[in-house]
1. Taking R0 as 41 Å, what FRET efficiency do you get between E46 and K173 from their Cβ-Cβ distance, rounded to the nearest 0.05?
2. If you rank V23, V122 by fewest surrounding Cβ atoms within 10 Å, what's the result?
3. Rounded to the nearest 5, what is the percent of antiparallel bridges among the DSSP beta bridges in the chain?
4. Between R198 and D36, 0.36 nm times their residue separation minus their Cα-Cα distance comes to what?
5. If you average the C-alpha positions of the range 142-163 and of the range 6-29 separately, how far apart do those two centres end up, in angstrom?
6. With everything on Cα atoms, drop me the angle between helix 16-29 and the longest principal axis of the chain, reported from 0 to 90° to the nearest 10.
7. Please report, to one decimal in angstroms, the Kirkwood hydrodynamic radius of the range 3-231 built from all distinct Cα-Cα pairs.
8. Tell me, F74, F213, F33 in order of fewest to most beta-carbon neighbours within 10 Å?
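What follows draws every value from the coordinates through simple rules; no lab data is involved. Predicted, not measured: the structure shown is a model, and the values here were computed from it. Don't worry about glycine lacking a Cβ; one is built from the backbone with ideal geometry, like all the others, and counts go over all protein chains shown.
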Amino acid sequence: MTIQTLLLTGANNHDWTRSSPFVKQLLEDSGNFRVDLTEHPGAVLEKAAGLDRYDLFFSDYYGPEWSDTAKSNFESAVRAGTDLVILHAADNAFPGWVEYEKMVGLLWREGTSHGAYHEFEVKIVDQDHPITRAMGDFRIWDELYHNLIPLHNVPCHILATAFSSPDSGGTGKDEPVMVVTQYGEARVFHMVLGHVWRQGQFENYPGEKMTTFENPHFQTALVRGCEWAATGKVKDR
């Protein structure tokens, strides 16, 4: 089965011009995905008839609001079973759009923040879930979001956490970094990790590099999360 995927991008406070093509290549190189990348998701989502060919939406988008028509078409498609992956700052998007917030479950809203870009350990807390079944704990350089806000009483299942060290500007608590939810008939995988700033934005800042995306454990988790969202299962490799 080839998983037909629509990658929504084109605006972000992170460098989507590098992250989105990287994700497209990563998924297609796995052999299971065919990815259409759009830099104009609001326009594409205006046409409901064209969405039924997709098994999976992947959002690397945090930008201007979409039209009511685009939002309605997106909601309808996801509710009916077009599965969804949320990457990093896509959980910042669309404050006040209740249905989107229900899809994501844990969101960057007032009170959320992160400390320094630094190296930390990711701990797998559910080793029985298809996404994380074959994965062990691993180390990664990234931003670690803290105090993500649970909204609308959405049941969120946490697959992995990381300790937010006060030394790095964190909370001193374990924070979720991989989460799954359900919206209608759709499975949703929320990858909280995935930072990369725009090149040249901060001189000599390690977060400008693709360090997070080049981590093989991050890549494995992301591909497995996408596969599970789209099919409900994951082939161990």
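1. Numbers: r = 41 Å, r/R0 = 1.01.
So, using R0 = 41 Å, E works out to roughly 0.50.
2. Details: V23 28, V122 25.
Ranked by crowding around the Cβ, least crowded first: V122, V23.
3. Values: 24 of 42 bridges.
The answer is about 55 percent antiparallel.
4. Details: separation 162, 0.36 × 162 = 58.32 nm, distance 2.29 nm.
Gain in length upon complete extension: 56.0 nm.
5. Cα centroid of the range 142-163 versus Cα centroid of the range 6-29: 22 Å apart.
6. Result, in degrees: 70.
7. Numbers: mean 1/r = 0.0570 Å⁻¹.
About 17.5 Å for the range 3-231.
8. Working: F74 26, F213 19, F33 23.
Ascending number of Cβ neighbours within 10 Å: F213, F33, F74.
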